[in-house]
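None of the figures in this text is laboratory data; all of them are computed from the coordinates on show. Predicted model, so just to flag it, every value in this text is computed and none were measured. Cβ placement follows ideal geometry from the backbone for every residue including glycine, while neighbour counts extend to all protein chains displayed.
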Amino acid sequence: MLNEEKIRIMTRAAIYEQGKGEEDIKITSYSRSDYIRYNMLKTLIGVTVGVVLIFGLCILYNMDYFMTNFMRLNLTTMLRLVIVIYIVFMAVYASISFFVYVRRYIRAKKRIRIYSEELEIIGEIAEDDEADHREDAGRTKG
């Protein structure tokens with residue numbers, strides 16, 4: 001006999017496995033702090049590359065001005081400005097990425113816990129079905 005509750009739970013578990021489950025398993029394979037640090041490092045490297053590209057493009061766009069006024073420019077002030085802008089970008093993106101990755105980890109952990117509970121329920125139902133099947137087989141033999 002088919003157990004409708006078991007089928008419903010198994011279907012839900014299979015849909016989860018094929019959807020968010022793969023990503024959640026990857027996320028929760030890390031400890032919380034490692035996952036957050038790893039992804040913040042990726043974010044900060046990306047921000048660094050982005051800032052360098054933006055400043056490089058700004059310099060290329062204004063190359064004529066820089067070449068004609070190079071001796072009159074105060075390079076230390078410009079360098080300080082670039083460093084301050086870089087630090088502000090890093091602080092903003094680090095804060096945002098920290099909260100985003102903490103939230104992702106917590107949600108993935110919660111979904112994995114629910115998934116594990118469903119697997120336990122499926123196992124319990126299967127054990128009950130097997131016990132019932134053994135009892136029925138024992139009655140028919142005797």
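Between residue 37 and residue 53, what is 0.36 nm times their sequence separation minus the Cα-Cα distance? Round to one decimal in nm. Can you show the working numbers first?
Details: separation 16, 0.36 × 16 = 5.76 nm, distance 2.41 nm.
Roughly 3.4 nm would be gained on extension.
What ranking, highest mean first, results for peptides 80-92, 99-111 when packing means the other Cβ atoms within 10 Å averaged over each residue?
Numbers: 80-92: 12.0, 99-111: 15.0.
For the peptides 80-92, 99-111, the packing ranking is 99-111, 80-92.
Evaluate the charge dipole of the stretch 23-103 about its Cα centre and quote only its size in Debye, nearest 20, assuming +1 on the Cβ of each Lys and Arg and -1 on the Cβ of each Asp and Glu.
On the way: 7 positive and 4 negative charges, 37 e Å.
Roughly 180 debye for the stretch 23-103.
Using alpha carbon centroids, what distance separates the stretch 69-118 and the stretch 6-23, in Å?
The two parts, judged by their Cα centres, are 33 Å apart.
I'd like the Kirkwood hydrodynamic radius of the chain, using the inverse of the mean 1/r over distinct C-alpha pairs, in Å. Provide the component values of the computation, followed by the final result.
Values: mean 1/r = 0.0488 Å⁻¹.
Final number for the Kirkwood radius of the chain is 20.5 Å.
Multiply the residue gap between residue 129 and residue 117 by 0.36 nm, knock off their C-alpha separation, and tell me the result in nm, one decimal place. Don't skip to the end; give the middle numbers.
Numbers: separation 12, 0.36 × 12 = 4.32 nm, distance 1.83 nm.
Extra length from residue 129 to residue 117 when fully extended: 2.5 nm.
Normalising by the residue count of the stretch 16-125, find the relative contact order in percent from Cα pairs under 8 Å and 6+ residues apart.
Details: 40 pairs, mean separation 60.8, N = 110.
Reported relative contact order: 55 percent.
If each of residue 107 and residue 7 carries a label point 7 Å out from its Cα toward its Cβ, how far apart are those two points in nm?
The answer from the label model is 3.2 nm.
Can you check what the net charge comes to around residue 120, using other residues whose Cβ is under 13 Å from the Cβ of residue 120 (Lys, Arg +1; Asp, Glu -1)? Don't skip to the end; give the middle numbers.
On the way: positive: 6, 113; negative: 117, 118, 124, 127, 128.
Result for the neighbourhood of residue 120: -3.
Sticking with the crude label model, points 7 Å out along Cα→Cβ, report the distance from residue 25 to residue 64 in nm, one decimal please.
Going by the 7 Å Cα→Cβ label model, 5.9 nm.
If the reach is capped at under 13 angstrom between alpha carbons, list the aspartates and glutamates near residue 26, excluding any in the same chain fewer than eight residues apart.
17, 34
What is the dipole size for the chain, taken about its Cα centre, with +1 at each Lys and Arg Cβ and -1 at each Asp and Glu Cβ, in debye to the nearest 20? Before the final figure, lay out each step's value.
Numbers: 20 positive and 19 negative charges, 251 e Å.
Roughly 1200 debye, rounded to the nearest 20.
Hey, can you list the DSSP H helices of the chain whose Cα span along the axis is 15 Å or longer and whose average Kyte-Doolittle score is at least 0.5? Can you show the working numbers first?
Numbers: long enough: 4-16 (18 Å, -0.22); 32-61 (43 Å, 1.13); 75-141 (96 Å, 0.11).
Helices passing the filter in the chain: 32-61.
Along the charge dipole of the chain, Cβ charges K/R +1 and D/E -1, which of 116, 11, 33 sits furthest on the positive end?
Towards the positive end, the residue furthest out is 33.
Could you work out [θ]222 nm for the chain from helices alone, using -39500 (n - 2.57) per DSSP H run of at least four and dividing by all its residues? Round to the nearest 500 deg cm²/dmol. Could you put the intermediate results ahead of the total?
On the way: 5 runs with 123 residues, N = 142.
Rounded to the nearest 500, the figure is -30500 deg cm²/dmol.
Kirkwood Rh over Cα pairs of the stretch 41-125 into Stokes-Einstein at 20 °C, 1.002 mPa s: D in µm²/s?
Rounded, D is 127 µm²/s.
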